[in-house]
1. Listed residues 213, 162, 149, 192; which is at pLDDT 90 or above and acidic (Asp, Glu)?
2. Which of the residues spanning segment 14-40 are assigned to a strand (DSSP E or B), farther than 27 Å from residue 88 by Cα and not hydroxyl-bearing (Ser, Thr, Tyr)?
3. So which residues in segment 1-27 are buried (at least 17 other Cβ atoms within 10 Å of the Cβ), of a type in the set (A, V, I, L, M) and either touching a helix residue (DSSP H, G or I) at 6+ places or on another chain (Cβ under 9 Å) or not assigned by TED's automatic domain parsing to the domain that holds residue 114 (or both), if there are any at all?
4. Quick one: would you say residue 81 is of a type in the set (S, T, N, Q) and within 26 Å of residue 199 (Cα to Cα)?
5. Restricting the first residue to segment 172-191 and requiring it to be under 18 Å from residue 156 (Cβ atoms), which pairs with a second residue that is of a type in the set (Ser, Thr, Tyr) and part of a strand (DSSP E or B) meet a Cβ separation below 7 Å and a spacing of at least six or different chains?
6. Can you tell me which condition residue 96 does not meet? The list is (1) under 17 Å from residue 150 (Cβ atoms); (2) charged (D, E, K, R); (3) free of Cβ contacts under 8 Å to residues at least 40 places away in the same chain, and all the others hold.
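The values are calculated or read from the model by the stated rules, or taken from the named source; none is laboratory data. The structure displayed is predicted, hence computed values, not measured ones. Cβ placement follows ideal geometry from the backbone for every residue including glycine, while neighbour counts extend to all protein chains displayed.
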Amino acid sequence: MADGKSTFAMHLNAILKPTSGALYVDGIDTKNDELILEIRKNVGMVFQNPDNQIITSTLQEDVSFGPKNLGMSDVEIDKVTDEALQIVSLSEYKERDTNKLSGGQKQRLAISGVLAMKPKCIIFDEAISMLDKLGAGQVLDIMKKLNSENGITIIHITHNMEEAALANRVIVINEGKVILDNLPSEVFKNTELLEQIGLDIPLPARLMHELREAGVDFPDEAILTGEDCVNALAKLLKGDV
């Protein structure tokens, strides 16, 4: 995604409201002030800097903050807090001071706080751009698990095209307009268009594209992972392409 991504995300969470027209989230008009809490319960957000979402001194207190505001009972709060911490593998640290967490742990805590509110959808607004490779990988794994095992819709806003290649669907936005919306394998065939708006394509896809440009007869399909790239090159060397 290019320009307009964060603005789009904040509209889905009703942080921003449309100045014209109407936006419905799960059937709710975002201009309906009486139902904003319901929208934010169903659509959680994880921001780039987790420090902006951590508001209490211990992990357990921080995760339970949202459920308390939703009016859950003490028993239910304890249950959803424990479940949310377990999903992000932070249960053993629930009494720890939040200031003593690593960057990756803080981001996982921010995710846990959103999970405890039982949303249908979670938006990750460049939520792993500040993390090292290990921390980013852990958060990506959590995203996959939440979608595949818990049925939560994940919207991942990123400039990292290798991350985008992992998605089931990629939407490219430029200057507030959708210019591509398709499977990753189809989106990343548009090399020139992506470069024109300042985006790149995954390195394996770029290598295949440049080899085709050099005259190598590869099938016209997007190669998005290192493993697929190796397999394609192996077939070429064996003469199977």
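1. 149
2. 28, 29
3. Scanning segment 1-27 gives 1, 12, 14, 25.
4. no
5. none
6. Going through (1) under 17 Å from residue 150 (Cβ atoms); (2) charged (D, E, K, R); (3) free of Cβ contacts under 8 Å to residues at least 40 places away in the same chain one by one, residue 96 breaks only (1).
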